[in-house]
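The values are calculated or read from the model by the stated rules, or taken from the named source; none is laboratory data. Since the model is a prediction, treat every value here as computed from it, not as a measurement. Please note: Cβ atoms are built from the backbone with ideal geometry, for glycine as well, and neighbour counts cover all protein chains shown. Ligands, DNA and RNA are stripped out before the accessible areas are found, and what is left, the full protein with its side chains, is counted by its heavy atoms. Shrake-Rupley method; radii C 1.70, N 1.55, O 1.52, S 1.80 Å.
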Amino acid sequence: MFHERIHLSVCGVAVLALATVNAGRAASGTEAAANNLSFPVLIAETPVVSIPNVVPQGQAELNGRFYLWNGSDPPCDPAEPTCDFSSLPPESLSRIYVQKDAENNWQAYSASDLVSLTASHVDVSDNIESVPWRATSFVRVEFVPFAPTDLTGFEMVHISGLGVDEVWGVRASNAQQAVAAAQAPGYATLFSNTMMISLTKLEPEAGTIDVLPDPAGTAYIWNPTTKLWEKAGGGAVAQTAQENFTAEINVTGRMIYGYNWKLRNMVMNPGVEKAGWWRLTYFSGSATSPLDFTASTALFDPIAGPVSELSVEPVAEDDSGSNPNYPRTPVVDPLNDIVYIDIYITGTAGGGGGGGGGGEGEKPDHVGIYSGGLWQLDVNGNGVSEAGADSLFSLGFPGAQKVVGDWNGDGTTKVGVYNQGYWFLDYDGNGVWDGGTADRMFPMGFAGATPFVGDWNGDGTTKVGVYNQGYWFLDYNGNGVWDGPPNDKLFPMGFAGATPVVGDWNGDGKTKVGVYNQGYWFLDYDGDLQWDGGTVDRAYAFGFLGAKPLVGDWNGDGRTKVGIYNQGIWFLDYDGNAAWDGGVADRVFALGWTDTIPVLGDWNGDGRTKAGVFFEGVWLLDSTGDGVWDGGISDPLYFFGMPGDEPVVGKW
């Protein structure tokens, strides 16, 4: 439900009954499409500023695409021949203006000033409360505080879809000068631009899911000055990251606090395991919090009731099965004006990486080259070939195809080769072939098959597979043996002549498959290893004859998106909506020339896949991801390799 998000950056002591004109901008810096609020929002900040484009109550302007609704059947597009209400009086119909549309405007109603806000209810996203998550997950964290109000908001109507495809709209009269229908939900959501989230790993060890951490005031104490958890006996907890919450508007018209926790890319402090108990704390970053939590603050959505439906995104359960310590219940701490919840992270530990902890410092991708069994990897990432600092070794032979992946799940990329159905993987990543005990050598495939790698089951390790003329063979359990179904996977997805592609299309942490052919994409979006048609899965046009297909997470939201490259020109479906929206919502830019090889990587470690090109040992990387070559200043120019080398990219 929360996939269509608008960033709200409004300050001022005010009450909003609807939304704010031009208050939000997308992460790219381009103007975001507008959303109108089904719930009013109470805002408390200083200094007082005027809310832009305030409109009188009942005079909200409605623009953009709309559907027609008769009050009972699903809304339909009036441009479609099947949308025929000619037998009904026009005044009996409603227009449902699509919630996210580029022609909409932000609209706001202003009321009395506020000094502080007291939450009557808070709701934490159900995916956090309901199940443990893996250390390889991309976790969506959401938080909504509520308070009673007599203000009204827009009446919203469901148009189509569920989850990531959900579309809602504002109900209005069926007239040229349509008037939006008001509703009085009885509650408002609360906003303060000082709200933050603290992600705290309490102890270095993973511990066990069966033993809960001590509550606040016992083993761990909240320091109201530093806004950090500390050990009661003195000393620091294992690791803490403090992040700003983003105020967002969801498709049903509610303001929420959202944070995309890229847990699978998080760099841990030395000796700290990623698995174990974490404490997620919602708090105000100001000395005097304008948003108060009291002993009477209830822990559920006041409209949905005690069983909240705050998040309907697919929940990625771990493999631990049922546990008496789940589901989890948040804790309201009125003494410290915080709300926190303890959750357990399972799976592969990610510690020992060094560097700062927290959601910011992802390890960037570095370059490398492969040629006939010889590898050279730019381990220190300076783009210079240096004996001793970089890794130079032999693994493979002429004719073998290069592959890279995190075979053992320790967070670093390792190498391998594939040849006529046989795989040779440097499993321990030491740059030496140690034989089939420390490393891995096994058959999986056949002559003519195309090798692929991915984390098919989401456990944090890269596994192998092959594709041939529309059929996929995946070593799903990663044991290096073809066990056949159901332990491994064999299924059709594609056709002769199609180009196979892999990616995490829906962001659940598992690699899925797809094919591309002459501008058309067919993606197994839900990852059920079968083609379910273009509603559950994805079939769409993006590209043209001769273009090279690309996949990557262009905007850093955790989902793999598509793109194409042709003779130095890049076209990226930046927002991931499976449509070419032009160079504002999507991206088109020049980087390279006719003979360059496109390369992809997260060059600066900010979680976004970016473009680059390789030509005879020369690398040009768009490190900033702005689609502009900055001439070796902000973007690097490397000389690493020579003519005939093949480029490789990884977190060495």
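Some points to look at:
- Matching residues in the range 208-248 - criterion: being in contact (Cβ under 8 Å) with a residue 40 or more places away in the chain and of a type in the set (Gly, Ala, Ser): Ala216, Ala241, Ala247
- Here the condition is being among the hydrophobic types (A, V, I, L, M, F, W, C), within 20 Å of the chain's Cα centre (by Cα) and under 30 Å from Gly186 (Cα atoms); of Phe245, Phe293, it holds for Phe245 alone.
- Test result for Pro270, under 30 Å from Arg95 (Cα atoms) and in a loop (DSSP other than H, G, I, E, B): no
- Residues of the range 97-134 that turn out to be modelled with pLDDT under 60 and surrounded by fewer than 22 Cβ atoms within 10 Å (Cβ to Cβ), as a count: 7
- The sole residue among Val464, Val453 that is touching a Ser or Thr at 6+ places or on another chain (Cβ under 9 Å) and at pLDDT 95 or above is Val453.
- A Cβ distance below 8 Å, combined with a sequence gap of six or more or placement on separate chains, defines the contacts here; from the range 548-563, residues that are more than 20 Å from Phe452 (Cα to Cα) reach residues that are open to solvent by 40 Å² or more (accessible area, probe 1.4 Å) and part of a strand (DSSP E or B) in the pairs Trp554/Arg587; Gly556/Asn260; Asp557/Asn260; Gly558/Asn260.
- Taken over the range 630-639, the criterion of being out of contact with any Asp or Glu (no Cβ under 6 Å at 6 or more places or on another chain) and either open to solvent by less than 50 Å² (accessible area, probe 1.4 Å) or not hydroxyl-bearing (Ser, Thr, Tyr) (or both) is satisfied by Asp630, Gly631, Gly632, Ile633, Pro636, Leu637, Tyr638, Phe639.
- In the range 204-227, residue modelled with the lowest pLDDT [restricted to those that are open to solvent by 60 Å² or more (accessible area, probe 1.4 Å) and among the charged types (D, E, K, R)]: Asp210
- Those residues of the range 233-247 which are in a strand (DSSP E or B) and buried (at least 21 other Cβ atoms within 10 Å of the Cβ), in sequence order: Gln239, Thr240, Ala247
- Tabulated pairs, the range 287-307, first among the small types (Gly, Ala, Ser) and surrounded by 11 or more Cβ atoms within 10 Å (Cβ to Cβ), second at pLDDT 75 or above and in a loop (DSSP other than H, G, I, E, B), C-beta under 6 angstrom, 6+ apart or interchain: Ser289/Asp337
- Some residue of the range 528-538 being open to solvent by less than 10 Å² (accessible area, probe 1.4 Å) and more than 30 Å from Leu263 (Cα to Cα): no
- Checked against the criteria, Glu230 does not count as charged (D, E, K, R), within 29 Å of Leu42 (Cβ to Cβ) and either open to solvent by 50 Å² or more (accessible area, probe 1.4 Å) or at pLDDT below 85 (or both).
- For the residues Gly546, Gly552, the requirement of being at pLDDT 90 or above and either open to solvent by 30 Å² or more (accessible area, probe 1.4 Å) or acidic (Asp, Glu) (or both) singles out Gly546.
- Members of the range 261-286 that are over 19 Å from Phe245 (Cβ atoms) and either among the small types (Gly, Ala, Ser) or open to solvent by 30 Å² or more (accessible area, probe 1.4 Å) (or both): Arg264, Asn265, Asn269, Pro270, Gly271, Glu273, Ala275, Gly276
- Within the range 443-454, residues that are among the β-branched types (Val, Ile, Thr) sit with their Cβ atoms under 7 Å from residues that are open to solvent by 40 Å² or more (accessible area, probe 1.4 Å), at 6+ positions apart or across chains, in these pairs: Thr450/Asn468.
- Pairs, first surrounded by fewer than 16 Cβ atoms within 10 Å (Cβ to Cβ) in the range 579-592, second of a type in the set (Ser, Thr, Tyr), C-beta under 8 Å, six or more apart: Ala579/Tyr540; Val584/Thr30
- Residue within the range 467-484 that is closer than 30 Å to Asp622 by Cβ and in contact with a Phe, Trp or Tyr (Cβ under 7 Å, 6 or more places away or on another chain) present: yes
- So Ser173, is it in contact with a Lys or Arg (Cβ under 8 Å, 6 or more places away or on another chain) and surrounded by fewer than 17 Cβ atoms within 10 Å (Cβ to Cβ): yes
- Among the residues of the range 129-174, those identified as more than 30 Å from Asp410 (Cβ to Cβ), in a strand (DSSP E or B) and under 21 Å from the mean Cα position of the chain (by Cα) are Glu142, Phe143, Val144, Val167.
- A single entry from Gly460, Gly445 fulfils the requirement of being more than 27 Å from the chain's Cα centre (by Cα), part of a loop (DSSP other than H, G, I, E, B) and crowded, with 21+ Cβ neighbours inside 10 Å: Gly445.
Listed here are the residues, each with its yes/no results for (1) assigned to a helix (DSSP H, G or I); (2) over 21 Å from Ser371 (Cα atoms); (3) hydroxyl-bearing (Ser, Thr, Tyr).
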site: Trp423; (1), (2), (3): no, no, no
site: Trp456; (1), (2), (3): no, yes, no
site: Trp472; (1), (2), (3): no, yes, no
site: Tyr476; (1), (2), (3): no, yes, yes
site: Pro486; (1), (2), (3): no, yes, no
